[in-house]
Every structure is written in structure tokens, then in C-alpha cells.
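The values are calculated or read from the model by the stated rules, or taken from the named source; none is laboratory data. Please read all numbers here as calculations on a predicted model, not as lab measurements. Here Cβ is always computed from backbone atoms with ideal geometry, including for glycine, and neighbour counts include all displayed protein chains. For accessibility, only protein heavy atoms count, side chains too; no ligands or nucleic acids. Shrake-Rupley method; radii C 1.70, N 1.55, O 1.52, S 1.80 Å.
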Amino acid sequence: MSEKRLPVHQAKRGGTTSSGAFPGSWNEIFERDGVPREVYRPLFDRLSAVSRTDLRRLDEQLEATMREMGVTFDIGRDRPWGRRPWYCDLMPHIVTESEWKPLVAGMTQRLHAYECFLRDVYGERRILRQSLVPLHPVLGSPYYQHAASGLRPPDGAFLHLSGMAVSRRPSGEFVVKHQYFSHASGISYMIQNRRAMARVMPQAFADYMIHSIADVPTDILEVLRGFSQDEDPTVVLLSSGQGSAVYSEHSFLARRMGIPLVEGGDLLVLNSCVYLKTVSGLERVEVIYSRLSDNYLDPLVFRRDSLLGVPGLVQCIRMGTVAVINAVGSQLADDRALLAIAPAIIRYYLGEVPILDGLETYWLGDLDQRELVLEDLDQYTVRPLYGERILTPPNGHGLDDRRRAAVIREILENPALFVAQPRDCDALTVSYDGGRPEMRTQDHILFSLRTNGGDFTVFPGALTRVSTDESPFTASELGGGSKDTWVASGAEETVKSSPRLIHETRLPSQHVTSRVAEAFYWTGRYLERARNLAGMIAVIEALEAEELNPTERMLYRPVWNRILPLLDGGGGSRRTISNPQGRYRLTLDLTESGSVVNAVQRATWNGESILECLSLEAWAVLSQLQSRFQRTRLRRTASDAECSVATRKMCDHTTALVAQFFGAAQTTMIADGGWRFCLIGQMVERASTTGNALGSMMRSLLRASGPAHEHAREIQLSAFLRLLGSRDVYRRVYQMRIEPGAVLQMLWLNPVVPRSVSRCLAQCASLLAESQADGSPAMGRTVAGIEALHAEIAQTDWDLLAEAEIVEPRLKGPEAVAESVLLHRIEALLDRTLGIHHLISDGFLNHQIHMRGAGQPLLKGFSDAV
């Protein structure tokens, strides 16, 4: 019986095919005769039984799952909706037990050796004094930090959470390609790949017994907490912010570990201690998991132009009041110039032969090595000492004379900053593209954690990086993708329990930074703004479809043209929302600052900046809303009928999904101060919209007031209430014909009406009281402002003012508007309502520092008596 062979198409890669570009590369999937390797046979049998259409559907489902989970890797900044979804292939990579054991032993050996190396280099420098390794690649490295000399690293160790890239030689032997000992980037992607595959192809796991990696974040958190003597230490993850390509990884790890994700501006140094600026005051920070390069950690010690770090952080490390993981100075271990001397480091400190060889690496700061590479540049990949940038063209491309001269010129300007490695060092694999299997290249990043006992544990998984149809490179920064990595386990494996079995006797601290509170606040405001606007436009589309007589149509349109924003700011343009084209633009035109899509985009950006705080269910709804608008772009050539259909559809999606977002968040998220600020933002936006709409409506009624206009006034008020979604509410409350005084009373003061300004303000005060500690100065000021405004609204006799100026007016037309006490009153209250935003912003959102009594530190030289 003949063996089953899976047809694999040749993937074009820069004008060549992958099989032609790598004739001698190791093939992970197939034997030399084209038959799948035994370990992949069950998987191939399963995939071979799936039609190409279904494979394409699974591929699309996998991408959608990544988007819903918020897994992104941003390599471009020109996309209107931000980040590119993370790419994971349908075909996982499988590592057998026999392959895994030497990888674990080799990585552990290297980590022990480089730990000794870092301690020595930042201490006695014995290996340098004995001239066993060259001085220049070490002390001349841009990643050697003089400030680390004399600093005691956490628990006496430099390396705690590390990564290492490995690839295959044509013989199949694993070799070390790069070291990421100081910054283990990619851990979350390894876990997210597994989670996505389990959701999309759960049946594929039935044929294999593999190690679980679900507890990796918990294991990391246990180690981080162990660096403090405090029973409940504050651990934070320091990120460079939303501009980082791997921000979604930072968010995922912070969320899964349950720790705050902070930026440099969220931290403050006082009396040689680090504090977290929260909306409730300063909170002491004992452990920082840093995802910043050393050069950006402290502008007082390293780069003075850095806005990412924390001024004074190194002094805190020196005083032993905070632990920063990995230790300052550890980035030296990632310098690619040291790869070539790794065997010497292992032999000197451990007295052992390297278990894993390194990929041949030439440091171009050495004249002999540089000449060797430049003589045959086509055979090498030239890259800097750190990072994923590549100077030479992708595999399969030759260098033309002009490009060759440019590369050589850049190298010779500062050769010590570059290394070269042989091409064709990555193994071949199969990836699915549009349901078709294609040949790609791959390598792997392994991850290790140093336990509190001093041993290194390699997580039983890896981030397998794979080239894509868009990029010939495996590195994510260069457009590469990934695979889920399965490490085979034996039947004897037992479930590991967590070493920390502490029963909490009190609720843990919920640290909400002002940055997080601000992002939540604006997420709530923009979502409410999008929902309000979409709801109004949907009502207008419905009204236009009804059989209105000319009189009603003439009365309806001025109402919504006054409430909704005019296009182009109303500056002389004839385009308004009274026609399908105008409403279409107000819904889908990103260039219109007041459009629905613009509000959704801003809400998405704010939500993405706090992914660590949002539940997956809430983000999935927000991601779905974003995807709807991504798929429905503005078409300026659309007909009126097409505009109406698209407008109604997108407005219905917006109102439904915004409501679904708040519902999902309230049932899946902790009701802490962060989420409450989202609800506060929603209430502030709703109150502001209601007050502004009332002012616009009353100004219209004042121009044509009196008993003769009673029927027209009722039609306009009916349309007005319908735009605000409050017409049925009015009937429930008053059970009478629509009167201006009753409308004003209901929307300004009624405590049970959803759109009532007073109800929104009362909810803001209640939410703030639940979020803040007693005695907060900002809390007192804000609540006092809300209560004063509520009292002023209650003191207004809305029925009397409406009767005097609208029902039985003394003046009409422009004079009535100019002299109106009612209108002046509404505008004054609207200004006060808008001012609540400034109270909240100044008190809680602008990185204000609130000192909470005697428990907070004082600056040196100050005392309570001063």
C-alpha cells in the first residue's frame, strides 16, 4: 500500500520558489521521499480529509479569533484602524520528547553560563583579565551598562525570564540562532496560539498528548512576588506604551497575572522608593517586570531624552527598595557579538562542552571576520547586534552593485555594530494559505524562568516563527507569522499544583492608575457618543421611509438638523443630514470629526490601550464593532439607495454592539475603579448630549411660539423625543400629550428617566463614591460640584418658563430667542454640566498625586507641622 503524500505547492518568495531557494534545508514535515514524518501523520490524515473551502474557512476563523482576543503585532502605523492581527498557521509544529530534552539541557546550560558571565563582567572581570574572551565585544558593547557595576541584582541574579531562538542545520541538528536572555518577547503569543488553536481546531488535539502551557503566567507571577518580603507586594509590568509593536503581549501578560500594566509616567520616586500613581493615591511598588531596554529605564542615569522610564529608578534599585526584572545590565547577554564566544564562556564557568552549538556568527568589528564576510556577502545575513533589522536582501535574492555598495558602506561606517550569519539556516515547514499548503521557513524561540531556588525551568512550548506569503523572514518585526508549538509529553505526566496556597483574609488591592481611568473614561464617552449619533441617524432613516406629508417633513427636518452636527461644520456647505448622502457621510466618513465611525475608532483606540483591564468578552464585542466598520468603507460614488441601506445597517450594528459591550463588561469584569470610570464617561456624555439637544430644541420652539403653533410644536417635540429614544418613556411618565414644560422637566430632573441629566449626574456621584477612598480631596470637590448643579436644576420651574415663553409668549421670533430666560437658563446649566468633565479630569485623570494621610511618604525636609 502506497504512503499518502500531501500535495504542497511551491510558494513564490521574491521571484523564486521556497523549494528552489533552500535545496539543502532540513524539512520538518516530510521525509526525503515526500512522505510525512511519523509524528505528523495523524495531523495530515485529519487535514487531508478537509476540503480546501473548509480549510480556508478555518484559516479565516483563526484570524478572527486572534482579532477578537486582541492579539496583534503592529509593524505599520498607517492603518486607519491601527494594528495587524497576529498570524497563526493552521499547521502546528510538533516537538518530540527526544528532540525536546537536549533543547532544555542546552538552554539551561547557556543560562547558567551567561549568569556567571554577567556577574563576573559587572564584578571582578576575571574572564577579561585572563584574556579568555576579547575585550572590545564586551566592554565596548552598546549594551554594557557601567551603572550596573555595584548594583545588587534581584536575588543576586541577572537573568530571570529569558528567551532563546533556535534553528536547524540541514542535518536536522538544533543550533542557537539568537539569545533573548534579557527580554523574553513572545511568551503571550506562544500561549495565545494554543488558545486560538484549541478554539478553532479542538479535534486536532485528540491525536496527541502534549504539555500544557496554560499556567505560564501564574508561574511567572509566583517568581515575581517572591522578590519581596511583603505578604501582598505590588507587582507591575512596565511597558513602553501603546506605541510598542508588542503592546498586546504586555496587556495579555498583565491581565493573566492580574497586575497593573504601567508606563513610566504612572510611576514616581519618593524617598528612594517607587510609587504607583492611582486615582486613590500613591501605592508602594516592590517589584517591576520591565519590558523596556536598559537605556530607557532611568533618564537620570541612561538616556536623558527618554520619556519612557522612571527618573530615580536606579537609585531605588541601589537602595534595595525595588526589584527590577530582568536586572539592569542583563541586555549585554543578548549582544549578538557574544554568540561566537559562547563556547568559551560555557567552558570557562561550567567546565563543560556546549550541549547546543551556535549558528556560525561573525562579528564584523573583527577585521579578519569582516573581510571573510564582505568577500562573499551573498552567502550571509547581516544584522545589527540587537533587534531584527536585516541589511542584506531576503533569501534567494542577489545583491546588485548599487545595493551591495550601500550595504558595505553602512557596515564600514561602524562595523562593530553588525554581525553576519549564514543564509539558509532555517528549516522548511508547511503553512496553509487560502486553504492550500505552501512551503515556508521557520525557527523557534524557547522561554525559561529562573525559580526562586536558582534553577532554570524551560516552559514546555515555544514560539515557532514562520515566514509568510508577505515576508520571506520569520521575525515578526519583518512580517513573519507563527505556529502553535506542541511538545509531546509522556503518559506519566502529572498535574502540577501551584506552590502558593495562601487564603486571602482581605480583598486584594485594586490599583487603577489615572492613565487607565482616563482610557476607560474616554472609551465610555466615545461609545455613548457613537450610540447616540447612530440611534438618531437610524430614527431619521426610519422617518424618511415613512409616508410623511409635506408639512410634517418640513417640521421634522429642522429638528434633526439642529441636534445633529452639520457636515463641514456647517460653514456654507449645502451638504446636510437631510439627504441620504449626508447621513451616509455622517455615519462612515472618517474625515468627519463628528461621525459615528470616528467615535467608534476613538473608542477602539482607548479600549486597546487598556486591554489588560478589559475582559476578553468585552473586547470581542468592541473588536466586532471595529471589524464591521473596517469591512464597510465609505464609497463616494454610492447611490442614494445604497447610502440608505449602508447607513441603516451600520447604525443598527452600532447601537446593538455598544449596548452589548456594556452588558458583556458588566457581567465579566471586576467592578473596580477602572470600569466605573467607563460608566462615568458614559453618563457624562449622555448628560451633555441631553442638555445640548434641549437647548437646540427650545431655541427652535422659541422662534415659532404661541397657541397658533401648538400642532406644529407637538410634531416637533414628538420627533425630538423619538431622536433621543424617549418618546415611549414620556408616555409612561406623563400619559398626556407632549408639552414643552413636561419635556424639560423629564429630561432635566426626573430621577428615573434614563436620559435625565439629574439621573446621569447622580450615577456619576455614586460611581465616584464607590471608586474612591474616603477623604480624597478630588472626591470632595467633584461630588460637591455635582450636588450643587443638581440643586440648581431642581430649583428651576420648567413648566412656568415654558408656559411664559413658548405656550403664551410675550415675544416671538429672534427677539424671543434673544430675551429668553429659559434659553439662558438651559445654556447656563449646560455649561455647568460640561464643567463636570473638568472636575473629573482634574481630580482623577490627569496624573494628579493625592497623598493619603500619614501612610504616605513625605519629601525630605518636610513634616506634618510645616
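Quick notes on this structure:
- In order through region 281-289: 3J(HN,Hα) via Karplus (6.51 cos²θ - 1.76 cosθ + 1.60), integer Hz, x for Gly, Pro: x, 8, 10, 5, 10, 9, 9, 10, 8
- Heavy atoms of K649 accessible to a 1.4 Å probe, total area in Å² rounded to 10: 100
- FRET E, pair E375, N692, Förster distance 51 Å, beta-carbon r, rounded to 0.05: 0.10
- Solvent-accessible surface of the chain, taken per residue with a 1.4 Å probe and all protein chains present: 41 Å².
- Inter-probe distance in nm under a simple model that places probes 7 Å from Cα toward Cβ, at A659 and D232: 3.9
- 30 Å Cα-Cα threshold exceeded, pairs from K177/K483; K101/K483; K483/K649: K483/K649
- Derived scalar couplings ³J(HN,Hα) [region 470-477; Karplus, 6.51 cos²θ - 1.76 cosθ + 1.60; whole Hz; x for Gly, Pro]: 8, 9, x, 9, 8, 4, 4, 4
- Under 5 Å, built H, 5+ apart or other chain: amide partners of Y380: R423
- The equivalent ellipsoid that matches the C-alpha gyration tensor of region 207-280 spans semi-axes of 28, 18, 9 angstrom, in descending order.
- Subtracting the Cα-Cα distance of A788 and E770 from 0.36 nm times their residue separation leaves 4.5 nm of extension gain.
- Summarising the label geometry, the points placed 7 Å from Cα in the beta-carbon direction at R633 and R126 lie 6.4 nm from one another.
- Taking the Cα centre of the chain as reference, the dipole from Cβ charges on Lys and Arg (+1) and Asp and Glu (-1) amounts to some 1320 debye.
- Of (i) 44.9; (ii) 65.9; (iii) 36.7, the label for mean projected area of the Cα convex hull in nm² derived from the coordinates: (i)
- Nearest-10 value in Å² for the accessible area of T667, using the 1.4 Å probe: 110
- Legend: calculated FRET efficiency, E470 to S149, from the Cβ-Cβ distance at R0 = 45 Å, rounded to 0.05, equals 0.50.
- In the context of the full protein assembly, S248 retains an accessible surface of approximately 10 Å², using a probe radius of 1.4 Å and ignoring ligands and nucleic acids.
- Whole-Hz ³J(HN,Hα) from phi, Karplus 6.51 cos²θ - 1.76 cosθ + 1.60, for region 346-354, glycine and proline x: 5, 5, 5, 8, 10, x, 10, 7, x
- The slack between L800 and A198, meaning 0.36 nm per residue of separation minus the straight C-alpha distance, is 210.2 nm.
- Computed label-point distance, nm, for sites A206 and T457 using a 7 Å Cα→Cβ extension: 3.2
- Paramagnetic label zone (point 7 Å from Cα along Cα-to-C-beta, R347; backbone N under 12 Å) in region 129-147: 132-133
- Close amide-amide hydrogen proximity is noted between G481 and V466, S467, T468, each under 5 Å apart and 5 or more residues distant or on a separate chain (H modeled in the peptide plane; Pro and chain starts excluded).
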